[in-house]
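The values are calculated or read from the model by the stated rules, or taken from the named source; none is laboratory data. Quick caveat: nothing in here was measured; it's all calculated off a predicted structure. Virtual Cβ from ideal backbone geometry, glycine too; neighbours counted across all protein chains shown. Just the protein is used for accessible areas: all its heavy atoms, side chains included, with ligands, DNA and RNA removed. Shrake-Rupley method; radii C 1.70, N 1.55, O 1.52, S 1.80 Å.
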Amino acid sequence: MGDVFTESKVDFGALAVLNKWPSLANQRQPDREPYQLIEGTLDECISAFMDKPAATRHLYEIRTAAQPPLVTEILSPEHVIELARLREFL
């Protein structure tokens, strides 16, 4: 797995959108569509996501162009947290 990180470069300047799912009692409403909060770079969207309270991060997702193997088109909260942790190494 370490080889994947050393060989992969993530373009944190790529266009991205931070979306939030409508919620009720801190739970996603699956019958509704997420709405856009921020349009900017992947780095800006990751930073904005990380500024959100940890207890509500499951309500957010980032959409960007896929950058295999580390970045998918829709980044889950867990994926965003991992990218934030690793971004200084990538």
Which angle from 0 to 90°, rounded to the nearest 10, does the C-alpha axis of helix 77-86 make with the longest principal axis of the chain?
30
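Over the stretch 1-84, average the accessible area per residue using a 1.4 Å probe and give it in Å², no decimals. It would help to have the intermediate numbers written out before the result.
On the way: 5010 Å² over 84 residues.
I get 60 Å² per residue for this part.
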As an exercise, identify the GluC sites (Glu not before Pro) in the stretch 7-90 lying in DSSP coil whose Cβ has no more than 16 other Cβ atoms within 10 Å.
Glu73, Glu88
Heavy-atom accessible area of the chain with neighbours in place, 1.4 angstrom probe: carbon+sulfur share in percent works out to 54
Check Leu37: other-chain or 5+ apart residues with amide H under 5 Å from its amide H, H built from backbone geometry?
Leu18, Asn19, Lys20
Additional length obtainable on full extension of the chain from Glu78 to Glu39, 0.36 nm per residue less Cα span:
12.0 nm
Only loop residues by DSSP count here, and only those with at most 16 other Cβ atoms within 10 Å; note down the chymotrypsin sites (Phe, Trp or Tyr not before Pro) in the stretch 40-90 that meet that.
Phe89
